[in-house]
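The values are calculated or read from the model by the stated rules, or taken from the named source; none is laboratory data. This structure is a prediction, so every number in the text was calculated from the model and none was measured. Heads up, the Cβs are rebuilt from the backbone with ideal geometry, glycines too, and the neighbour counts pull from every protein chain shown.
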Amino acid sequence: MRRTPLATHDLALVAVFAALVAVLGAPGYISVSGLSAPITLQTLGVMLTGSVLGARRAPLAVLTFLALVAAGLPLLAGGRGGLSMFTGPTGGFLVGWLVGAAVIGWLVEHRPSRFGLGWVALANLVGGIAVVYAFGVPWMSWAATDLSLSAAWAASIVYLPGDLIKVAVTTVIAGGLLRGYPTAMPVQHRVRRDRDSVAG
Amino acid sequence: MLLGLYVPGNSPLHRRRAGTKLAVLGVLLGVMGVFRTAEVVTGGFVALTALTLLSGVGLRTMLAQLRPLLWFAVFVGAFQIWLSGPRQAALAVGFLLVSVGLAALVTLTTRTQELLDCMVSGLRPLRRLGVDPERAALTMSLTIRSIPVLLELSQDVQQARRARGAERSLRAFAVPLLIRTVRHADRVGEALAARGVDDP
């Protein structure tokens, strides 16, 4: 199946959202006040990317970000990066981000009209948590040589409360974006596709 | 502005081409992953130590790359000792260290730009699937350029939040940041179009 390359404006969105994911991982610049422990907002970036860019552009943005990480730029939270992030025990979570962003985007694009922001929350629970852990946990169990799945779960579960908060935050922010910049959300996507089919 | 993890040097490892190093890494990790016996993991550990010394990046740099593994390695080690004995624990921890260490060695001895170029040329066979390697390269450079822009945006937004007396509100930070991010992408898209980067 041949797919047409991205339109120029889409290319810009993909590049800028890849940068957003990187910036949200820089704790020195973004402090979530009110919390004593530093929390990384990188997963928030992935969820926002999925919710705003949709099923096609969102995974491309995450892929661009991951390519820069793999090339050796220290863009992951805590100034980490390089190929070892992918071969190590948490590499599955990075792959999960990629698939998760696509799933979030697809779900948000296919929002039934009777649902509102609750659907965005659901999409992020499925794509941003279920999918990400579905890749991350088995990978961890494999990388650690016969670590049982339940033990790999135990090692990952500490991040779950933070991820749940991020889903809530993503939903609120998506609502804000919808009000402040209505054309930015993928609902717009369907309109655009209709226009294309008319033109074609 | 953005510094990669590359450590300059002129060792035999530095002089090999990025593609060669990636291929060797892939084969080594593949073999190790499939045949995870004590002999193979020991061999990998000896190779990692020898290559680290040969590369001249220094043991300290390598240990810094392995450091994020510390808590996980302790967890896995303790779990395996308890479940299957010290031999299995050493194997599991050894495999973790070697798979992360070898990948880190490639990152430390290869320039970020060279790895990026290598990825872009790896995309060439996908051209017939509609992938455009040049546009992928353009997207990655745009992302690198956008990171400092978004960092500045995020600082502006944080100051605005403080001025409004809403320091503790994540929403007063993230919604404006996201809206400005989308606007920035719009401007980047226009700038690209003005420079003749057309829709394909």
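Going by the structure shown, is A:LEU75 aliphatic (A, V, I, L, M), surrounded by 19 or more Cβ atoms within 10 Å (Cβ to Cβ), within 14 Å of chain B (Cβ to nearest Cβ) and under 17 Å from the mean Cα position of the chain (by Cα)?
Criteria met by A:LEU75.
A:LEU94 passes all but one of (1) out of contact with any Ser or Thr (no Cβ under 9 Å at 6 or more places or on another chain); (2) within 24 Å of B:LEU192 (Cα to Cα); (3) at pLDDT 90 or above; (4) not polar (S, T, N, Q); which number fails?
Of everything listed in (1) out of contact with any Ser or Thr (no Cβ under 9 Å at 6 or more places or on another chain); (2) within 24 Å of B:LEU192 (Cα to Cα); (3) at pLDDT 90 or above; (4) not polar (S, T, N, Q), A:LEU94 misses just condition (2).
On the basis of being buried (at least 19 other Cβ atoms within 10 Å of the Cβ), modelled with pLDDT under 95 and in contact with a helix residue (DSSP H, G or I) (Cβ under 7 Å, 6 or more places away or on another chain), does B:GLN80 make the cut?
Here the answer is yes, as B:GLN80 does meet what is asked.
Which condition from (1) within 7 Å of another protein chain (Cβ to nearest Cβ); (2) touching a residue at least 12 places away in the same chain (Cβ under 8 Å); (3) of a type outside the set (A, V, I, L, M, F, W, C); (4) at positive phi is the one that A:THR64 breaks?
Against the list (1) within 7 Å of another protein chain (Cβ to nearest Cβ); (2) touching a residue at least 12 places away in the same chain (Cβ under 8 Å); (3) of a type outside the set (A, V, I, L, M, F, W, C); (4) at positive phi, A:THR64 comes up short only on (4).
State all residues of region A:119-147 that are among the polar types (S, T, N, Q) and modelled with pLDDT under 85; if no residue qualifies, say none.
Hit for region A:119-147 is A:THR145, nothing else.
Can you give me the number of residues within region B:162-200 that are farther than 30 Å from A:ILE165 by Cα and acidic (Asp, Glu)?
3
Does region B:136-187 hold any residues that are in a helix (DSSP H, G or I), without any contact (Cβ under 8 Å) to a residue 24 or more places away in the chain and among the basic types (Lys, Arg), and which are they?
B:ARG145, B:ARG161, B:ARG162, B:ARG171, B:ARG183, B:ARG187
Among the residues of region B:161-176, what is the count of those that are of a type in the set (A, V, I, L, M) and at the interface with another protein chain (Cβ under 8 Å from one of its Cβ atoms)?
Number of matching residues: 3.
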